[in-house]
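Q: Below you will find the structure I want to go over with you.
The values are calculated or read from the model by the stated rules, or taken from the named source; none is laboratory data. Because the structure is a prediction, the values reported are computed rather than measured. No Cβ is skipped: glycine too gets one built from the backbone with ideal geometry, and neighbour counts run over all protein chains shown.
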Amino acid sequence: MNAVTEPLVSIIVPIYNVEKYLDQCVASLIQQTHHNIEILLIDDGSPDNAPAICDAWQHKDERVHVLHKTNSGVSASRNAGLHAAKGEYVCFVDGDDWVEPDFVEYMLELQAKRNADIVASLCCFTSTDFHQRTQDEVSTINPQEAMELFFYPTIELGAWNKLYRRSFLTANNLEFITDFCAGEGLQFITLAVSKANCVTVGQKKVYHYRTDNATSATTKPDVERQGIGAITTMQYICEHLDLSNPKVRKAYNWRLWSTYGYCLRQIIATHQEHVYRDLLRTCIHHRRSLALPMIAADISMKRKIIALLTFISPTVVAKLSLR
């Protein structure tokens, strides 16, 4: 298939403080085996040399388009990319990550199997996991099954490592909530899959998710941004998503229980128990009250044991997990 008949795929890259990793990211996109792509580099007012690096790539390859804007967060950057995108399909790549040469090609192959609105890979490479899966298993699931997998999460929660039909996103007014400072990927993906015709899932690793970026906001404990932000996201999902399916509700409860544990660890890690006394009590209450039902959840035996120990002492379990 030549570039003229290949579907155009828009790759949206939100960029902020990633000058150290940006060349590797963009180079991996330029080298895609599927050539008919547009690479949208969304500079979110980055204070480092990333804006200049973006401009340099735009001069090197006509498929690269740069949008410079004032700093307004990753959600606003992704939305700006969605508004500028012209492709039949859209995918997101974070500026400090990179992808395999067949990333787009593989995602399109999955999409073609069942004409799915959303395509995802269950797995990705990380900074400590470089091993490819020996066998790729592909399945197509309905929205309820997909929501289960994202809540648990069997599929990675972020907007990345996935492919979306752009007309589907537009028809359903699907964008990122700019008010959220954490969990924006979970909010977006769960709402999207709830409206999709189906979701096709593969297991081949084609995305490299960087876990050793010390400048990333997700690697630094922050009660307001990460802890409270994550709880706010879960409350939004509860209000805007149909959780009447028992299996989906059970999966949501597990994610909610995990989120309160995450917030509890943020408070302890930053030694701010005295600052967030009420929040601390709330987290402990929910960790304990939801612990026993988690034993019936579709989770590993290890996680069930942790749930039982959490029922006994949520604070001790949180402290042990930080060691």
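Q: Quick check: anything in region 243-262 among the β-branched types (Val, Ile, Thr), modelled with pLDDT of 90 or more and part of a helix (DSSP H, G or I)? Working first, answer last.
A: So in region 243-262, the residues among the β-branched types (Val, Ile, Thr) come out as 248, 259.
Among the residues that remain, those that are also modelled with pLDDT of 90 or more are: 248, 259.
Imposing the further condition that a residue be part of a helix (DSSP H, G or I) reduces the set to 248, 259.
Yes.
Q: Out of ILE268, ILE237, which single residue is of a type outside the set (Phe, Trp, Tyr), modelled with pLDDT of 90 or more, farther than 23 Å from THR178 by Cα and in a helix (DSSP H, G or I)?
A: Result of the check over ILE268, ILE237: ILE268.
Q: Under 6 Å between Cβ atoms, which residue pairs at least 6 apart in sequence (or on different chains) link something in region 213-232 that is assigned to a helix (DSSP H, G or I) with a partner that is modelled with pLDDT under 85 and of a type outside the set (A, V, I, L, M)?
A: From region 213-232, the pairs are ARG225/CYS181; GLY229/CYS181; ALA230/GLY183.
Q: Still on this model: Among the residues of region 266-285 satisfying the criterion of being of a type outside the set (A, V, I, L, M, F, W, C) and buried (at least 20 other Cβ atoms within 10 Å of the Cβ), which is nearest to ILE306 (Cα to Cα)? Quick ask: steps written out before the conclusion?
A: First, pick out the residues of region 266-285 that are of a type outside the set (A, V, I, L, M, F, W, C): 266, 270-274, 276-278, 281-282, 285.
Now restrict to residues that are buried (at least 20 other Cβ atoms within 10 Å of the Cβ): 266, 276.
On the way: GLN266: 18, TYR276: 24 Å.
Here the answer is GLN266.
Q: Filter region 67-123 down to residues that are assigned to a loop (DSSP other than H, G, I, E, B) and among the hydroxyl-bearing types (Ser, Thr, Tyr) and give me whichever is surrounded by the fewest Cβ atoms within 10 Å (Cβ to Cβ).
A: As a first pass, look at region 67-123 and keep what is assigned to a loop (DSSP other than H, G, I, E, B): 70-73, 85-88, 93-97, 100-102, 115-117, 122-123.
Restricting the remaining residues to those that are among the hydroxyl-bearing types (Ser, Thr, Tyr) gives 70, 72.
On the way: THR70: 8, SER72: 13.
Looking at the filtered set, the residue picked out is THR70.
Q: Could you count how many residues in region 246-273 are free of Cβ contacts under 8 Å to residues at least 40 places away in the same chain, over 19 Å from TYR236 (Cα atoms) and touching a helix residue (DSSP H, G or I) at 6+ places or on another chain (Cβ under 9 Å)?
A: So the count comes out to 1.
Q: Looking for something within 15 Å of the chain's Cα centre (by Cα) and under 14 Å from ILE39 (Cα atoms) - is there at least one such residue anywhere in region 70-82?
A: Yes - at least one qualifying residue is present in region 70-82.
The rows are residues; the columns are (1) crowded, with 19+ Cβ neighbours inside 10 Å; (2) in the same structural domain as ASP179 (by TED's automatic domain parsing); (3) not in a strand (DSSP E or B).
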site	(1), (2), (3)
VAL13	yes, yes, no
VAL18	yes, yes, yes
HIS35	no, yes, yes
ILE42	yes, yes, no
ASP48	no, yes, yes
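Q: Given SER321, SER313, which one is at pLDDT 90 or above, more than 17 Å from the chain's Cα centre (by Cα) and small (Gly, Ala, Ser)? Give the steps one after another, and end with the answer.
A: Working: SER321 fails: at pLDDT 90 or above.
Going through SER321, SER313 in turn, just one is at pLDDT 90 or above, more than 17 Å from the chain's Cα centre (by Cα) and small (Gly, Ala, Ser): SER313.
Q: Now a separate question. Do we have any residue at all in region 68-82 that's modelled with pLDDT of 95 or more, within 17 Å of GLU19 (Cα to Cα), touching a Leu at 6+ places or on another chain (Cβ under 8 Å) and in the same structural domain as PHE176 (by TED's automatic domain parsing)?
A: The answer is no; no qualifying residue exists.
Q: Any residue that is surrounded by 14 or more Cβ atoms within 10 Å (Cβ to Cβ), touching a Pro at 6+ places or on another chain (Cβ under 7 Å), of a type in the set (Val, Ile, Thr) and more than 19 Å from THR154 (Cβ to Cβ) - is there at least one of those in region 231-246? Walk me through how you get there before you give the answer.
A: Within region 231-246, the first condition is being surrounded by 14 or more Cβ atoms within 10 Å (Cβ to Cβ), and the residues that meet it are 231-234, 236-237, 241, 243, 245.
Of the ones still in play, those that are also touching a Pro at 6+ places or on another chain (Cβ under 7 Å) are none.
Scanning region 231-246, I find no residue that is surrounded by 14 or more Cβ atoms within 10 Å (Cβ to Cβ), touching a Pro at 6+ places or on another chain (Cβ under 7 Å), of a type in the set (Val, Ile, Thr) and more than 19 Å from THR154 (Cβ to Cβ), so the answer is no.
Residues checked against (1) assigned by TED's automatic domain parsing to the domain that holds ARG255; (2) assigned to a loop (DSSP other than H, G, I, E, B); (3) buried (at least 21 other Cβ atoms within 10 Å of the Cβ); (4) under 15 Å from the mean Cα position of the chain (by Cα):
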site	(1), (2), (3), (4)
GLN135	no, yes, no, no
GLN144	no, no, no, no
ALA182	no, yes, yes, yes
LEU186	no, no, yes, yes
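Q: Now for a different question. I'd like the full set of residues that are aliphatic (A, V, I, L, M) and at pLDDT below 90, limited to region 122-148. So that I can check it myself, show each step before the final result.
A: Initial filter on region 122-148 (aliphatic (A, V, I, L, M)): 122, 138, 141, 146-147.
Hit for region 122-148 is LEU122, nothing else.
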